[in-house]
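Step one of this worksheet: look at the structure below.
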Amino acid sequence: MKRILEAEREARRIVDSAYEEARRIEAEARREAEERAKAVYEEIMREAEREAEREAKRVEEEMAQEIMRLEEEVLAEMRKFEDLASRNLEKAVNLLLSEVLRP
Amino acid sequence: MSLVGDLDKLVSAIISKAEEEAKSVVAKARERAEGIIKSAIEEAKAKAERDASELVRRRRSEALSKRRSEVAKARTEVLRKLQDHKERLIEGVVEEVKRRVQRLVESKEYEERLVEMIKEAVRVLGGGTIEVKLSKRDAGLGLDLTAIASELSRELGKSVELKLSSEPGGFMGGLVARSLEAGIEVDYTIEGILERKWRKLRSEVAKLLFSET
């Protein structure tokens, strides 16, 4: 009878120890889960930051090109107006001049 | 079979069962642990993907908004530059006209035009005693104001007297005529005429200046 009681106590100890181990495993898993989840989240966000940077840079480059295009267009317009003004100056001056001595 | 032998078997069975149960408990715990980790990673990944997508969308939107604003600012600026440039070219016409008028006032043709302008001023004022202010240069031309007055007197059928102002005008050419009776003045200076004509003809001059035909 004594041996049976001892065996049952040993069995309980084995099972209790297993539950203890199970709790430890689960606690460890939660810690690991938290760490790995954090690492996964941070890696994805870092890549997103890089992508956002690339995107912002691309938009900025397009903006610079668009502004440069506008400036070039306006320079071309200015040159065109200068040419026209130079070509038509005599006519414009004569139009005004013909009126100046006629009150 | 002896009693001791049976007892050994029973003890062994109790321990074995406990060990089996322990194995099962630990195995299930490991399974749950794997589940916890897998699920946490999946959740983190899903959240990160949503957040990442939102981050990229927000940054792109900010960059595009900045681009729109900067491009609009640049467009306004270049259009202002273009407009200023056109204005300078248009104003260049007036400057050129002033240079040419400066040469013109030294010609014979101008002297004839000046006489016509005096006559026109007298007609506008309706005759009477009129003071005529000329530039220093024009005052020295020795215009016969008496002859002009006589001609206008006949034309208007009333008395006309022209008096040359003792003070020369500080203008390029033309005249300022003032009726001494009515106190009315007409400004036929080159500068005054040019200013009035310029207001009237500016858009026409600009159109002509930038005409492609």
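The values are calculated or read from the model by the stated rules, or taken from the named source; none is laboratory data. Here the structure is a predicted model, which is why all the values come from computation and not from measurement. Cβ placement follows ideal geometry from the backbone for every residue including glycine, while neighbour counts extend to all protein chains displayed. Protein only, heavy atoms only, side chains kept; ligands, DNA and RNA dropped before computing areas. Shrake-Rupley method; radii C 1.70, N 1.55, O 1.52, S 1.80 Å.
Could you list, in their original order, any pairs among A:Lys2/B:Lys28; A:Lys2/B:Lys9; B:Lys17/B:Lys38; B:Lys98/B:Lys136; B:Lys66/B:Lys86; B:Lys119/B:Lys207 whose Cα atoms are separated by more than 22 Å? Violating the 22 Å limit, Cα to Cα: A:Lys2/B:Lys28; B:Lys17/B:Lys38; B:Lys66/B:Lys86; B:Lys119/B:Lys207.
Only Cα sites of the protein assembly as shown enter the Debye sum here, all with the same form factor; the resulting log10 I(q)/I(0) across q = 0.07, 0.09, 0.10 1/Å is -0.62, -0.76, -0.82, listed in q order. Modelled label positions at A:Arg24 and B:Glu70, each set 7 Å beyond Cα in the direction of Cβ, lie 6.0 nm from each other. Based on alpha-carbon atoms, the Kirkwood radius and the radius of gyration of chain B give Rg/Rh equal to 1.92.
Buried accessible surface for the B/A chain pair comes to about 6400 Å², total over both chains, computed with a 1.4 Å probe.
With helices as the sole contributors, chain B gives -26500 deg cm²/dmol at 222 nm; each DSSP H run of n ≥ 4 counts as -39500 (n - 2.57), and the sum is divided by every residue. For segment A:70-83, 3J(HN,Hα) computed residue by residue from phi via the Karplus equation (6.51, -1.76, 1.60; θ = phi - 60°) reads 4, 5, 5, 4, 5, 5, 4, 4, 4, 5, 4, 5, 4, 4 Hz, glycine and proline entered as x. From a point 7 Å beyond the Cα of A:Glu62 in the direction of its Cβ, which residues of segment B:55-73 have a backbone N at a distance under 16 Å? Only B:56-72 fall inside the zone, counting backbone N under 16 Å. Inter-chain neighbour count for A:81-92: the average number of beta-carbon atoms from partner chains within 10 Å of each residue's beta-carbon is 6. Extent along the principal axes, Cα only, for segment B:73-162: 66, 26, 18 Å, with the longest axis given first. Considering only alpha-carbon pairs that sit under 8 angstrom and 6 or more positions apart, the relative contact order computed for chain B is 16 percent. Evaluating 6.51 cos²θ - 1.76 cosθ + 1.60 at θ = phi - 60° for every residue in segment B:155-171, the Karplus couplings come out as 5, 8, x, 8, 5, 10, 10, 10, 10, 7, 4, 6, 8, x, x, x, 10 Hz, glycine and proline recorded as x.
Per residue of chain A, the DSSP helices (runs of n ≥ 4 H) give a summed -39500 (n - 2.57) that works out to -37000 deg cm²/dmol at 222 nm. Residues in segment B:1-82 average 70 Å² of solvent-accessible surface per residue, probe 1.4 Å, ligands and nucleic acids excluded. Size descriptors for segment B:1-82: radius of gyration and Dmax over Cα atoms are 34.8, 117 Å. Remark: mean inter-chain Cβ contacts per residue of B:33-43 equal 6, using a 10 Å Cβ-Cβ cutoff to other protein chain atoms.
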